[in-house]
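Enquirer: Here's a structure for you.
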Amino acid sequence: MTTPVDIVMPYGVTVVGDGTNNPKLATAHPKQLQNLGLKLPPGPCRIAASWEGEEKVAIVVQTNGTRNYRTVLNLPEKTGGGGRQGMVTVGAVENDYVYLNGHQLSSGTKGTLEVYPLNFE
């Protein structure tokens with residue numbers, strides 16, 4: 001006998017720097033939290049991000065809708081070549097969300113933020 005599993009498909013957005021510390025979502029998304037980041041499904045998931053700008057950016061998970069947050073991966077400053085990307089696996093609980101954070105990120109600079117739920121039976 002098997003147990004039903006809620007399958008959540010991968011999802012993601014393009015983010016754009018606007019001169020502040022947190023790039024904004026370029027388009028609306030059903031899983032967005034305000035214009036800042038993406039809600040995470042409860043359970044394990046992979047988070048991938050990319051950033052084409054010169055600045056160092058961090059993938060940050062804010063837990064349970066509170067001010068408790070943790071940096072789960074840093075994308076270092078650009079030292080030449082193209083953009084940078086990274087992926088990390090986290091265990092999320094209800095009301096967790098993920099966003100990118102940097103320091104005065106250049107206006108118009110783009111990146112991506114993607115969530116890949118790991119659905120197990």
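The values are calculated or read from the model by the stated rules, or taken from the named source; none is laboratory data. These figures come from a predicted structure and were not determined experimentally. Backbone-built Cβ (ideal geometry, glycine too); neighbour counts: all protein chains shown.
Enquirer: Can you tell me which residue within region 64-79, out of those that are polar (S, T, N, Q) and modelled with pLDDT under 85, is surrounded by the fewest Cβ atoms within 10 Å (Cβ to Cβ)?
Expert: Only one residue fits best here, namely T79.
Enquirer: Another question, if that's okay. More than 16 Å from L38 (Cβ to Cβ), crowded, with 16+ Cβ neighbours inside 10 Å and in contact with a Gly (Cβ under 8 Å, 6 or more places away or on another chain): which single residue out of G83, G111, G102 fits that description? Give the derivation first.
Expert: On the way: G83 fails: crowded, with 16+ Cβ neighbours inside 10 Å; G111 fails: more than 16 Å from L38 (Cβ to Cβ).
Unique residue meeting the criteria: G102.
Enquirer: Name every residue in region 23-51 that is of a type in the set (K, R) and either within 21 Å of E94 (Cα to Cα) or surrounded by fewer than 14 Cβ atoms within 10 Å (Cβ to Cβ) (or both), in order of residue number.
Expert: Applying the first criterion (of a type in the set (K, R)) to region 23-51 yields 24, 31, 39, 46.
Once the filter is applied, which keeps residues that are of a type in the set (K, R) and either within 21 Å of E94 (Cα to Cα) or surrounded by fewer than 14 Cβ atoms within 10 Å (Cβ to Cβ) (or both), region 23-51 yields K31, K39, R46.
Enquirer: Moving on to the next point. Of the numbered conditions (1) within 11 Å of the chain's Cα centre (by Cα); (2) outside any strand (DSSP E or B), R46 fails exactly one; give the number of that condition.
Expert: (2)
Enquirer: Still on this structure, please answer the following. Would you tally the residues in region 1-22 being crowded, with 17+ Cβ neighbours inside 10 Å, in a loop (DSSP other than H, G, I, E, B) and modelled with pLDDT of 90 or more?
Expert: Of the residues in region 1-22, 1 are crowded, with 17+ Cβ neighbours inside 10 Å, in a loop (DSSP other than H, G, I, E, B) and modelled with pLDDT of 90 or more.
Enquirer: Working carefully through the options E94, E77, E54, find the one that is in contact with a Pro (Cβ under 6 Å, 6 or more places away or on another chain), of a type in the set (D, E, K, R) and not in a strand (DSSP E or B).
Expert: After applying the criteria, what remains is E94.
Enquirer: Can I ask one more? Considering only region 34-47, I want to know if a residue exists there that is modelled with pLDDT under 90 and among the charged types (D, E, K, R).
Expert: Taking every residue of region 34-47 in turn, none turns out to be modelled with pLDDT under 90 and among the charged types (D, E, K, R).
Enquirer: Of the residues that sit in region 23-32 and are more than 16 Å from I59 (Cβ to Cβ) and among the hydrophobic types (A, V, I, L, M, F, W, C), which one is modelled with the highest pLDDT?
Expert: Across region 23-32, the extreme among qualifying residues is A26.
Residues checked against (1) more than 11 Å from the chain's Cα centre (by Cα); (2) in contact (Cβ under 8 Å) with a residue 24 or more places away in the chain:
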| site | (1), (2) |
| --- | --- |
| L38 | no, yes |
| P41 | yes, yes |
| N68 | yes, no |
| K78 | yes, yes |
| G83 | yes, yes |
| Y99 | no, yes |
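Enquirer: So, one more: Checking S106 against (1) of a type in the set (S, T, N, Q); (2) in contact (Cβ under 8 Å) with a residue 60 or more places away in the chain; (3) under 25 Å from M9 (Cα atoms); (4) assigned to a loop (DSSP other than H, G, I, E, B), which single condition isn't satisfied?
Expert: S106 satisfies every listed condition except (3).
Enquirer: Give me the residue from region 101-121 that is of a type in the set (D, E, K, R) and more than 10 Å from the chain's Cα centre (by Cα) and, out of that set, farthest from P42 (Cα to Cα).
Expert: Step by step, filter region 101-121, then rank; the result is K110.
Enquirer: While we're here: Determine the pairs where a residue that is over 13 Å from G108 (Cβ atoms) and aliphatic (A, V, I, L, M), located within region 52-63, has a partner that is part of a loop (DSSP other than H, G, I, E, B) and at pLDDT 90 or above with Cβ atoms under 7 Å apart, the partner being 6 or more residues away or on another chain.
Expert: These pairs meet every condition: V61/D96.
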